[in-house]
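The values are calculated or read from the model by the stated rules, or taken from the named source; none is laboratory data. Here the structure is a predicted model, which means the values were calculated and not measured. Note that we place each Cβ from the backbone using ideal geometry, even for glycine, and neighbour counts take in every protein chain shown. Areas reflect the complete protein model, heavy atoms only, side chains present, ligands, DNA and RNA absent. Shrake-Rupley method; radii C 1.70, N 1.55, O 1.52, S 1.80 Å.
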Amino acid sequence: MAAVHPRFVPVPYQDSAEAGRLILRDGTTANVRLAHPEDQELMTAFFRRLSTDSPQRRFFSAAEPATKLIDSFCDDSDPREQLCLIVTRDSGNAPRIIASANYMAHDEGTAEIALAVDDAFQGKGIGSLLLERLAVLAVRNGFRRFWAITMPDNQQMLDVFYQSGFECRSQANDGCVEIDLSVIPNESSVARAEFRDRVATTASLRPFFQPSCVAIVGASRSPTNIGTRVLNAIVSAGFRGSVYPVNPKAGVVGSLKAYPSLRELPEVPDLVIVAVPTSAVGKVIDDCASRGVRAAIVISAGFAVVGGEGRKGQQGRPGKRRG
């Protein structure tokens, strides 16, 4: 196996190519990691949720993939033979797979690639992000090219390949389209990856700087309360969006109706400002996650500024990753 030394270096990840957090095109996030044998049940459920068209495009059959095939997707023992990345989002208290991408060795320097994205998450750039990361891992394991075959009407998947920036050739063959893609980073592929990163990062920051709805958790009747001062500053600055004070012990804060919790607000805030004691912050962040809030600012003492125990609280409870 010959070593590959690309002239261009792909965009560095904050974590790693095989695990971490993805920022999608709409600014929301998801987690990506390698599939493992214990993911077989999650993987089966993922393919069962896909629309009837998706298995046809992915496997050229309307039937669900066989158990043996799913088992192979979850086998992470030999990256020279095959590798599979999965993208997950929490659903309730458990993660669920919303996308997968895998390669399987085709010959010494080529791997066959296939991708699938949950119908509800298509159009958010997940396919491009998976191709980008899977290419890094393939090069790391000695592959130089990806080969794929898809249906001519699967335009979304074709666009993922054509717009990747990698050197790409395609040809029609027996009613299908064959794709031959170089996975060696080049000037164009790196520029495209950097552009995707800028677009997603900008979208992720928009709720902080251009919210249309803000909730202040911890605002009270006391004029010296930090939450109340933030609320008054927002209102006096002429903010034109919706503003909701959240306080379980007050029905009204200032001239605004207050709500007992984020879960009871009439709409989902773009931004939540959390001004409560340290011990209550975790519950508020959980409420943010359950409502689909995209941004939160925490104003509270007692975290990393006070030492080790505070740092643990800032990082979140075991098993929970806070963004």
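Below, the figures for the structure above:
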quantity	calculated
Residue count for the range 253-274, restricted to those that are of a type outside the set (Ser, Thr, Tyr) and without any contact (Cβ under 8 Å) to a residue 24 or more places away in the chain	4
Elements of type strands (runs of 3 or more DSSP E) contained in the range 138-184, each with 1 or more residues being open to solvent by 20 Å² or more (accessible area, probe 1.4 Å) and within 20 Å of residue 85 (Cα to Cα)	145-150
Listing of helices (runs of 4 or more DSSP H) fully contained in the range 1-116 that carry 3 or more residues being among the aliphatic types (A, V, I, L, M) and modelled with pLDDT of 90 or more	40-49
Output for the range 262-275, where each listed residue is in contact with a helix residue (DSSP H, G or I) (Cβ under 6 Å, 6 or more places away or on another chain), surrounded by 15 or more Cβ atoms within 10 Å (Cβ to Cβ) and not charged (D, E, K, R)	262, 271, 272, 273, 274, 275
Enumeration of residues in the range 126-171 that are under 22 Å from residue 48 (Cα atoms) and modelled with pLDDT of 95 or more	126, 127, 130
Contacts under 9 angstrom Cβ, first residue in the range 288-299 being in contact (Cβ under 8 Å) with a residue 40 or more places away in the chain and within 18 Å of residue 226 (Cβ to Cβ), partner open to solvent by 40 Å² or more (accessible area, probe 1.4 Å) and part of a helix (DSSP H, G or I), 6 or more apart	297/208; 299/226
